[in-house]
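The values are calculated or read from the model by the stated rules, or taken from the named source; none is laboratory data. Predicted model, so just to flag it, every value in this text is computed and none were measured. Virtual Cβ from ideal backbone geometry, glycine too; neighbours counted across all protein chains shown. To get the accessible areas, we keep the full protein, side chains included, count just its heavy atoms, and leave off ligands, DNA and RNA. Shrake-Rupley method; radii C 1.70, N 1.55, O 1.52, S 1.80 Å.
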Amino acid sequence: MWPQGAIFVALPLLGPTLVWLLIHHSMSDWCDSLRKLPWCPPHRVLLLVWTTIYSITGERLPAHYFKFQFRNVEYSSGRNKTFLCYVVEAQSKGGQVQASRGYLEDEHATNHAEEAFFNSIMPTFDPALRYMVTWYVSSSPCAACADRIVKTLNKTKNLRLLILVGRLFMWEEPEIQAALRKLKEAGCRLRIMKPQDFEYIWQNFVEQEEGESKAFEPWEDIQENFLYYEEKLADILK
């Protein structure tokens with residue numbers, strides 16, 4: 001599975017790069033002579049930005065990532081990345097709702113998935129609209145990301161955020177517990193994913209692999225672990 005996934009991600013990046021290397025010497029410089037706004041960045045910067053966005057965002061999550069990263073185990077050994085599936089519902093004053101969705105994964109050299117949402121998705125928000133955002137996250141936010149969420153909610157009055165998490169990240173740490181309570185105080189709704197939430201992710205965000213069952217197959221302890229984390233979160237937030 002891993003070689004196939006790497007190939008499918010690399011090909012769309014590699015193809016245009018090879019074409020540019022082969023023909024850029026013979027290309028006209030007409031683009032460079034065009035009138036541009038003062039803040040327009042160099043084309044090399046745009047190439048880097050869009051390549052980064054492509055690499056960390058997408059509409060469908062590989063099935064093997066979902067099965068490993070979203071599993072609500074008590075001890076999350078080896079699960080050192082956060083995956084965030086999002087649904088954005090934008091409502092106009094007339095009541096019309098437009099929805100969009102996608103997923104993000106954190107890049108440890110740059111941003112966590114939560115930061116990536118604020119940096120790459122939120123700048124497209126229209127201040128004239130009301131937004132209801134739902135996150136389905138493999139694990140709850142770290143203290144730094146929780147602080148960023150609180151600050152964003154406090155200054156963005158047209159945003160409502162619901163976070164559903166598969167696991168609680170380092171929930172025994174006092175710093176993490178305090179961060180989760182601050183999220184609640186800031187108006188963020190936080191809850192543990194139920195089995196039907198995992199099924200929703202499977203149906204709406206996961207790339208179905210050829211030859212595998214299209215139906216969601218819950219793991220053996222999915223309900224037990226949901227109840228375990230639900231109890232822990234209730235104790236933290238009370």
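Quick rundown of the values:
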read-out	value
Single residue of segment 153-178 satisfying the filter (under 16 Å from the mean Cα position of the chain (by Cα) and more than 19 Å from GLU74 (Cβ to Cβ)) that is most open to solvent (accessible area, probe 1.4 Å)	LEU162
Close pairs (9 angstrom Cβ cut-off, 6 or more residues apart or separate chains): free of Cβ contacts under 8 Å to residues at least 60 places away in the same chain in segment 185-205, open to solvent by 20 Å² or more (accessible area, probe 1.4 Å) and in a strand (DSSP E or B) anywhere	GLY187/ARG160; CYS188/ARG160; CYS188/LEU162; ARG189/ARG160; ARG189/LEU162; LEU190/LEU162; ARG191/LEU162
Close pairs (6 angstrom Cβ cut-off, 6 or more residues apart or separate chains): part of a helix (DSSP H, G or I) in segment 64-76, open to solvent by 50 Å² or more (accessible area, probe 1.4 Å) anywhere	HIS64/MET1
Yes/no for THR134 being of a type in the set (Ser, Thr, Tyr), in a strand (DSSP E or B) and either open to solvent by 30 Å² or more (accessible area, probe 1.4 Å) or over 15 Å from LEU233 (Cα atoms) (or both)	yes
The one condition in (1) open to solvent by 80 Å² or more (accessible area, probe 1.4 Å); (2) charged (D, E, K, R); (3) assigned to a helix (DSSP H, G or I) that GLU220 fails to fulfil	(3)
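Conditions (1) modelled with pLDDT of 90 or more; (2) touching a strand residue (DSSP E or B) at 6+ places or on another chain (Cβ under 6 Å); (3) under 21 Å from LEU180 (Cα atoms), marked per residue:
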| residue | (1), (2), (3) |
| --- | --- |
| SER76 | no, yes, yes |
| THR82 | no, yes, yes |
| LYS93 | no, no, no |
| GLU114 | yes, no, yes |
| PRO123 | no, no, no |
| LEU129 | yes, yes, no |
| MET132 | yes, yes, yes |
| TRP135 | yes, yes, yes |
